[in-house]
Amino acid sequence: MTGFRSLSSVLRALEPAAFGAEPTGERMARIRRSPHFKDGVFQNPGGVARTRPSGSMLEFAKVFFAKDERPRRSPRGTVPVHATTLADLAHPPATGLRITWMGHSSVLAEIDGHRVLFDPVWGERCSPFSFAGPKRLHPVPLPLAALGPVDVVVISHDHYDHLDLPSIKALAGTDTVFAVPLGVGAHLEHWGVSADRLRELDWHESTKIGGLTLTATPARHFCGRGLRNTQHTLWASWSVAGSEHRIYHSGDTGYFEGFKGIGAEYGPFDTTMIQLGAYSDFWPDIHMTPEEAMRAHLDLQGGKPHGVLLPIHWATFNLATHAWAEPGEWTRDAADEVGQAAAFPRPGEPFEPAGLLPVQPWWRAASAPIPHPWRGPEPVATPEESPRSDLDLAGDR
């Protein structure tokens, strides 16, 4: 038995730092007291969610690694990243709310005089290893150090494409506060973030940071970083309310009826940042298609078009079998069908939801044509015929 413990200690010592740390002590005791923790794991709203590819792994591997299919999952040209500068972010937003999508699920939200950074991933790969794993398809719009002071960093869950070791280590040297779901604080403390800078929340728990109220809200997903997937850290979406504005970040989630309750209690929202990439028939319970994401946005807004939808969790990493630009194209379709305003900024392009929205389909310059399965060919509109043509032109400038 002693020899087994020694071997376990050696194996733990060889684990990469990016694996993080398991919750222990009072943190684990608090997890066990959570009403959402049962039978040794956190439970999903809406019942058990499939967290691994349905069917055989061999079937999934054949699709994912098919030589003929792989090129469509990456851009065939250079992704037109907006080179964010300090000048872009130096002056406060005229309307009190400005959003800058940095790629994937990383978003800087400047809201009512505060700066919130969601799921910062500045690393080259979303992986525990520097030599393997999904690699960036476009560069970061600006260095993390050039972003300027951030009041709070919000983490949705502990997967590598949302909780990035290099980014957290860089931010650990600042005085920012971290708002995270239950258990995730163990990783951050392991990487050098002091406990007094952590706000660790269960679903429907809130914390006040400056003039903001941040609330962890339910999501339908899962967790895990190391070789063991213990389900001992929670996953969450987030509501952030300032003095004048409210925003919502979905983290990773499948569609579930709970969006209606979140909207009724914490909405409506000026902007929703909704995950709608890396979806697949192999894991339909834990990620959303553009159509499902639009339904979620409407649920959050009381059932009617309201605010601005920003699609996230796409374009930066190759994580599923769908075409690289499909989320952008299909979200435009879904938004047009219900009359919902949606923003399509290039990575790094700031916009104010109450102002002109970036709506130009910038991905088409780097993508093969994407089918529109539920629509016919788009008519070619003249500027006089298209109410959005001025915005389209503004998106090019």
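What follows draws every value from the coordinates through simple rules; no lab data is involved. Small disclaimer: the values here were computed from a predicted structure and weren't measured. Ideal geometry is used to build each Cβ from the backbone, glycine not excepted, and the neighbour counts take in all protein chains shown.
If you take the alpha carbon radius of gyration of the range 231-316 and divide it by 2.2 N^0.38 Å, what ratio comes out, to two decimals? Numbers along the way, then the final one.
Working: Rg = 12.6 Å, N = 86, 2.2 N^0.38 = 12.0 Å.
In units of the globular-protein estimate, the range 231-316 measures up at 1.05.
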- Separation in nanometres of the label points that stand 7 Å from Cα toward Cβ, at ALA94 and GLU244: 1.3 nm
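Give me the percent of Cα-Cα pairs in the range 88-207 that sit more than 26 Å apart, rounded to a whole number. Please report the intermediate quantities before stating the final value.
Values: 1312 of 7140 pairs.
Result: 18 percent of Cα pairs exceed 26 Å.
Relative contact order for the range 115-186: what is it in percent, counting Cα pairs under 8 Å that are at least 6 residues apart? Present the calculation step by step, with values, prior to reporting the outcome.
Numbers: 96 pairs, mean separation 28.6, N = 72.
Relative contact order comes out at 40 percent.
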- Query: Roughly how many nanometres apart are two label points built 7 Å out from the Cα toward the Cβ at SER206 and ALA87?
  - Reply: 4.0 nm
- Query: With labels modelled as points extended 7 Å from the Cα through the Cβ direction, what inter-label distance (nm, one decimal) is found for GLU257 paired with ARG33?
  - Reply: 3.1 nm
- For the range 182-291 the translational diffusion coefficient, Stokes-Einstein from a Kirkwood Rh over Cα pairs at 25 °C and viscosity 0.890 mPa s, in µm²/s, is roughly 161 µm²/s
- Query: Stokes-Einstein D for the range 95-134 at 37 °C, 0.692 mPa s, Kirkwood Rh over Cα pairs, in µm²/s?
  - Reply: 284 µm²/s
- Student exercise, the range 176-288 dipole from Lys, Arg, Asp, Glu Cβ charges, in Debye to nearest 20: 180 debye
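Highest first, please rank the peptides 126-139, 325-338, 104-117 by the mean number of other Cβ atoms sitting within 10 Å of their residues.
104-117, 325-338, 126-139
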- Note on the structure: Volume per residue (Å³) of the convex hull spanned by the alpha carbons of the range 223-378 is 144 Å³
